[in-house]
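Before any comments, here is the structure.
The values are calculated or read from the model by the stated rules, or taken from the named source; none is laboratory data. Everything numeric here is computed off the predicted structure, so don't read it as measured data. Glycine gets a Cβ as well: all are built from the backbone with ideal geometry, and neighbour counts include every protein chain shown.
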Amino acid sequence: MTLLNFSNRPSKYYLLLTIILFHLIVIGINASSSDKINQADSSKTQSTASRNPTETASLWSIFKNIFTKKQPDPNKFGKFEIDKNINETKNILVGSFVGGLSHLRPSLEICKILIERGYKVALVAPGNFTSPTNYPSIRQYSTGPEHNTKELLHIYKEIYEKPYDYNSFFLEKDEADKQYSERFEVYKRSTIDFKPDLFLCDLLNNEACFDIAWKFKIPAVGVSSSLSRRTFAPYKSDPIYGCHSNMEKGSFIERFKCLIIQPARFLYESRQRIIFLNEKRLSVGVSPITSSLERIKNSLFLADTYFGFEIPHPVPPLYQEIGPVMQESYPPLTPKLSSFLSLHQRIMYVSFGMQAFTTLENYAILLKSFLEVIDRNIIDGIVWSLSGLENFPTLSDDTQLETSEILNNRYTHIYVTTSSSLEELTPQVSILNHSNTKIFLTHGGVASCHESLYVGKPMLILPLASDQFSNAEKLEEQGVALKLDKMDLHVDDIVRKIEFLQLESRVKINLKRMQILTKINSKRKYRAADLIEFVMKASQLNPNNNDVKESVVDNRHMKEGKESSEKVSNETNSESIEPAIEDIYEWLLKEWITPDSRMGFIRGKYLDVYGVVLILLFSIIGSIIWTGWSVVSFIVNSIASLFEGKLKSD
């Protein structure tokens, strides 16, 4: 083997480097001298230099960047970052009563951004939501086992299998209120241990989160899935009242009922719940309230929604729509799912979430509908994600197919998977995003709707409870979905709507519009993180701030051991109620609090001004009518007098 001779390589490298440096110097001299040439000669120079502009510019820029320090342009701003040195604000405590993906994922996705910015996050929620497969960098204080509707069948059979109205809503609310004291104690222990600078509270049945924030004088930001019950517009209602979400086409009677009568009945029913919850508050040393909004009316609320999904209406600055909050990545398809999706060209994906279920009769109708659309070649494949809560019937003899064959994946056109826990989730977004998936049959949960719109798939919605009825109505109005009635399901209706959604060209156009709008708005979780940072920093700049963190740390009764735990418990039950605390949000969020909230109802709505205007208007109209009547009367009387005098003279 002949060896290569490298003895002359160093000298050759030095020579090559010398030539390159010399070339760069010459270019630099030419470039600097060219700046001194007048306007007339510069055009000639540019035409000459244009023979090789790329090489000259690039080499000179490299030389200039290496040997000169670039001065900052005072007219340009760099990337803005909030100063984190204001009292070292770091800790955020997220709280949810229900837990689960729908209620926690928006908050925790926002918190992932804040963790990257140096903040620490902890979670108070049921179950084990921060396992290594979900959010491993977030510490969790568990409030108990994961919320399971199967263990509360006495409540949820009523909710899911019967007509849903505000009485159904109160069934779930009453069960949550019974657990207030236990939840409050978990929040109190986690507050003392974690020492949060801000609470991020899911809105659903989570009064304990807002109350503990109020008690420790720590700012709280609310998170919800919609704007429906927190912002007002007279043309906006809720199906739980027996009304439509959008009352634009309602008759006078319907609008009067949905604006006045039904909300009044709801408030009357809520009154007893507020009294019950106030008794619970007194037992843990929190002062009572007169309405659910009293303590949080000036808080910041982040809504995981957007206009297009929501009915357009005015929104105060304290209510910020920041949705849809989407994950950066989603679980991929399993090999079996991928194979099934590839072998079928027109697939319908079916999922009603992890906690919802319907009646035995409805499952029979759904199964028959699936077999019908497959037999008619409208759909050639179905992926059905079960929750484990379903009770399936045995199909009638004329189907020539056993239910067990479908559920055990022995029927080639239907693939059944199970999402019974967070660790065994069906990769829903990956299924919906597949080109062969054409329709999504869903219960209409907010997260499912957002995911379907993000990938541009039409929905057939079977709402079962809560805001799902409103979601179904709004999406049907946008022309991207059709809804079913859980109390009146029919095979022919389901088949007809599946065919319509797949073939109708207007649905595809509307979907494209909504998909663009959804993707544009999906970037706003970063704005949500910015808003949370502002609230945290503003609270540290409050001149009335009492340094809450030190008061939590210096709690003289929080010692290790059983004795201190008993002492804390006794103190909690016997402590006197604190005097009313000045609303920290009045200073904290003063830039976003609209003046009408401080002016009272009459002055804030300008009813006094409008009243005076109406009085003046009626006075003017009355004066005109009186004057006109007087003139007419005078003319009539004058004419009558003339005729009377003429008659007498005759």
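In table form, for the structure just shown:
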quantity: Cross-chain or 6+ apart pairs with Cβ under 7 Å, the range 580-599 first and within 14 Å of LEU318 (Cα to Cα) and among the hydroxyl-bearing types (Ser, Thr, Tyr), then part of a helix (DSSP H, G or I) and at pLDDT 80 or above; calculated: SER597/GLY604
quantity: The range 373-388, subset of a type in the set (S, T, N, Q) and surrounded by fewer than 20 Cβ atoms within 10 Å (Cβ to Cβ), residue nearest to TYR415 (Cα to Cα); calculated: SER387
quantity: Selected residue [out of contact with any Leu (no Cβ under 6 Å at 6 or more places or on another chain), crowded, with 17+ Cβ neighbours inside 10 Å, outside the structural domain of LEU462 (by TED's automatic domain parsing) and part of a helix (DSSP H, G or I)] from GLU146, GLU185; calculated: GLU185
quantity: Near pairs, Cβ below 7 angstrom, 6+ apart or cross-chain, from the range 163-175 (in a helix (DSSP H, G or I)) to any residue that is small (Gly, Ala, Ser) and surrounded by fewer than 17 Cβ atoms within 10 Å (Cβ to Cβ); calculated: none
quantity: The range 336-371: number of residues that are farther than 15 Å from SER419 by Cα and among the small types (Gly, Ala, Ser); calculated: 5
quantity: Residues satisfying the stated conditions in the range 225-261, i.e. over 18 Å from LEU171 (Cβ atoms) and in a helix (DSSP H, G or I); calculated: PHE252, ILE253, GLU254, ARG255, PHE256, LYS257, CYS258, LEU259, ILE260, ILE261
quantity: Residue list for the range 232-254, restricted to those being closer than 20 Å to VAL446 by Cβ, surrounded by 19 or more Cβ atoms within 10 Å (Cβ to Cβ) and in contact with a strand residue (DSSP E or B) (Cβ under 9 Å, 6 or more places away or on another chain); calculated: LYS236, SER237, SER245
quantity: Qualifying residue in the range 304-314 (condition: of a type in the set (Val, Ile, Thr), surrounded by 14 or more Cβ atoms within 10 Å (Cβ to Cβ) and within 26 Å of the chain's Cα centre (by Cα)); calculated: yes
quantity: From the options PHE256, PHE210, PHE276, PHE252, residue that is within 27 Å of ALA538 (Cα to Cα) and either modelled with pLDDT of 95 or more or of a type in the set (A, V, I, L, M, F, W, C) (or both); calculated: PHE210
quantity: Any hit, the range 466-487, residues being touching a His at 6+ places or on another chain (Cβ under 7 Å), of a type in the set (A, V, I, L, M, F, W, C) and either in the same structural domain as SER339 (by TED's automatic domain parsing) or within 17 Å of SER385 (Cα to Cα) (or both); calculated: no
quantity: Residue match in the range 101-115 (condition: surrounded by fewer than 21 Cβ atoms within 10 Å (Cβ to Cβ), touching a residue at least 12 places away in the same chain (Cβ under 8 Å) and farther than 23 Å from GLN320 by Cα); calculated: no
quantity: Residue among LYS257, LYS280 that is crowded, with 17+ Cβ neighbours inside 10 Å, touching a Cys at 6+ places or on another chain (Cβ under 8 Å) and of a type in the set (Lys, Arg); calculated: LYS257
quantity: Odd one out for GLN502, checked against (1) in a helix (DSSP H, G or I); (2) at pLDDT 95 or above; (3) surrounded by 14 or more Cβ atoms within 10 Å (Cβ to Cβ); calculated: (2)
quantity: Of all residues making up the range 596-650, the number that are surrounded by fewer than 10 Cβ atoms within 10 Å (Cβ to Cβ) and either under 30 Å from ASN298 (Cβ atoms) or under 47 Å from the mean Cα position of the chain (by Cα) (or both); calculated: 1
quantity: Residue, nearest to the chain's Cα centre (by Cα), within the range 479-495, restricted to residues that are without any contact (Cβ under 8 Å) to a residue 60 or more places away in the chain and surrounded by fewer than 15 Cβ atoms within 10 Å (Cβ to Cβ); calculated: ASP485
quantity: Residues of the range 161-184 that turn out to be polar (S, T, N, Q) and closer than 18 Å to ALA125 by Cβ, as a count; calculated: 2
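Matching residues to (1) among the charged types (D, E, K, R); (2) over 30 Å from LEU360 (Cα atoms):
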site	(1), (2)
ILE159	no, no
SER168	no, no
LYS173	yes, no
GLN179	no, yes
LYS195	yes, yes
